[in-house]
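Taking it in order: structure first as structure tokens, then the write-up.
The values are calculated or read from the model by the stated rules, or taken from the named source; none is laboratory data. Not measured: the values here are computed from a predicted model. Please note: Cβ atoms are built from the backbone with ideal geometry, for glycine as well, and neighbour counts cover all protein chains shown. Ligands, DNA and RNA are stripped out before the accessible areas are found, and what is left, the full protein with its side chains, is counted by its heavy atoms. Shrake-Rupley method; radii C 1.70, N 1.55, O 1.52, S 1.80 Å.
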Amino acid sequence: MTKQIVLALGLLLFASPAAHAAMRVDIYGPGQNIVNLALAAPIRSPQSEATAMGRNLQQLVEQNLSFLPFMRLTSPKSVLGGTVLMGYEPPNLDFKRFQLSGSDILVTTFWPDGDSGTKSVHLRAFETNTGVRLFGREYLKVSARDLPEVADRFCADLLEALTGNGAFFRSTLAFIKKTGKLSANVWLVKPTGRDLRQITNMQGEALSPAWSPDGRFVVFSHIDTKSHALGVWDSNNKKVQRIRFPGNVVIGPAFMPDNKVAVALSNGKYPVIFLLNHVFQKERVLEQSDSINVSPTFDSTGTKMAFTSSRMGGPQIFLKDLNSGVVVRVSKNGTYNTESNLSHDGTLVVYSRMTDYGHRIFVQDMVTGMERQVTFGPGSDEQPAFCADSYFIAFASTRGGGGIYLTTRHGGDAKQVPTGGGPSSFPRWSVPSK
């Protein structure tokens, strides 16, 4: 978004708890709520519909909300009397017509100065049953090219108002796109498929990208015809640094909350998980044994580390408490479990298991001890990663010719992330700033 855009109104307005409890959607517990949302026609003045920019913004919001598995959009055709209203706030809103269509939430859009050129836009969300405003936002100096970010900001705020976390729409996925034998680079894309761009252009093959918590760096493993190395892309200067280490193993780099990197490196017979300092040099060992130890991943506190190890024969997932040093086995079923990713809240570990039908994604709840299968193919599903909300999961799949897909900690129908075609893999989420 251009620097001219100003978020002028940043209020979450709820009725007092005594009068009415604000609508909340529990996306973490069993049995998610289904919320029906209606979009009133964008207006420039009472009963005067907005034109191109207004319709485009509405379309972008609809596209965004289609990625929420608990959200159902009300068809305008089901609203008796239509969706064009006298205003965008009470008392000029007819909630009854939207109640009758089954809508729980009504979103209104108002362009007070028209919707051509660079204008301001007001967006509001209301509960249809009570008329209570969930929140409102005003965006100033909005041009046509700013509409996608306005839609993302609004949908993030709506998601946060309903669930307590809007990280999905504030995140960017780093992933690998392969273009040939030993030819793969790092790309970025919003989970909705917007802002697709390539950030590395190197000979050789990039693997396992990971974002720094501050959003400045993306690190990745890199293999060319001569060596394995750690790649470091710096968003400040858009340059890539390739860092060599003794030996020929650089597997699964991941950032800790303090912006230091952990990565599996050669160290004698078996790889060892090292912590690197802020200039990407070895600082200390995080995990080693008489076995393979690779692919570290951390919770938001940096006190828990999930990783893959062969210490019990085939690859399995383990969790280490970095304060006490205690290691426990996470994956208790199957003979081949790899590519773990720890949720930001530290309660769930997601990983890929090899089954008779291909790889599938499983989630282990470290609180209840229950394991849940969340993908069922077709094809093979691998390389899962939790969003910072500990709800959404991105993964790579061979289904549909191969690509990046989204599901949740509960499973359900997977939705593909548009990545421009071609084999895509290793999705990893950025950590949006609070």
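Annotations for the structure displayed:
- Every pair of residues 6+ apart whose Cβ atoms lie under 7 Å, when the first sits in the range 58-81 and is more than 17 Å from PHE168 (Cβ to Cβ) while the second is of a type in the set (Lys, Arg): VAL79/ARG97; LEU80/ARG97; GLY81/ARG97
- Criterion: open to solvent by less than 30 Å² (accessible area, probe 1.4 Å) and among the charged types (D, E, K, R) - qualifying residue of ASP258, ASP299: ASP299
- Just so you know, in the range 118-157 the residues that are among the hydrophobic types (A, V, I, L, M, F, W, C) and out of contact with any helix residue (DSSP H, G or I) (no Cβ under 8 Å at 6 or more places or on another chain) include one that is least open to solvent (accessible area, probe 1.4 Å), and it is VAL132.
- Total residues in the range 322-349 satisfying the condition of being closer than 19 Å to PRO257 by Cβ and touching a residue at least 40 places away in the same chain (Cβ under 8 Å): the figure is 10.
- When residues in the range 228-240 are screened for being in a strand (DSSP E or B) and free of Cβ contacts under 8 Å to residues at least 12 places away in the same chain, 1 of them pass.
- Every residue from the range 341-370 that is surrounded by fewer than 17 Cβ atoms within 10 Å (Cβ to Cβ) and closer than 13 Å to HIS410 by Cβ: ASP365, MET370
- Residue match in the range 188-196 (condition: open to solvent by less than 20 Å² (accessible area, probe 1.4 Å) and more than 30 Å from ASP104 (Cα to Cα)): yes
- Taking the criterion of being touching a Phe, Trp or Tyr at 6+ places or on another chain (Cβ under 6 Å) and open to solvent by 30 Å² or more (accessible area, probe 1.4 Å), the only residue of the range 372-399 that qualifies is GLN373.
- Counting only strands (runs of 3 or more DSSP E) that sit wholly inside the range 294-342, not one has at least 2 residues that are on the phi > 0 side of the Ramachandran plot.
- Subset of the range 277-294 [β-branched (Val, Ile, Thr), surrounded by fewer than 16 Cβ atoms within 10 Å (Cβ to Cβ) and either under 23 Å from ARG329 (Cα atoms) or not assigned by the TED database to the domain that holds MET312 (or both)]: VAL285
- The lone exception for SER103 - which of (1) touching a residue at least 40 places away in the same chain (Cβ under 8 Å); (2) surrounded by fewer than 18 Cβ atoms within 10 Å (Cβ to Cβ); (3) in a loop (DSSP other than H, G, I, E, B); (4) at negative phi it fails: (2)
- For the criterion of being hydrophobic (A, V, I, L, M, F, W, C) and surrounded by 19 or more Cβ atoms within 10 Å (Cβ to Cβ), PHE274 passes.
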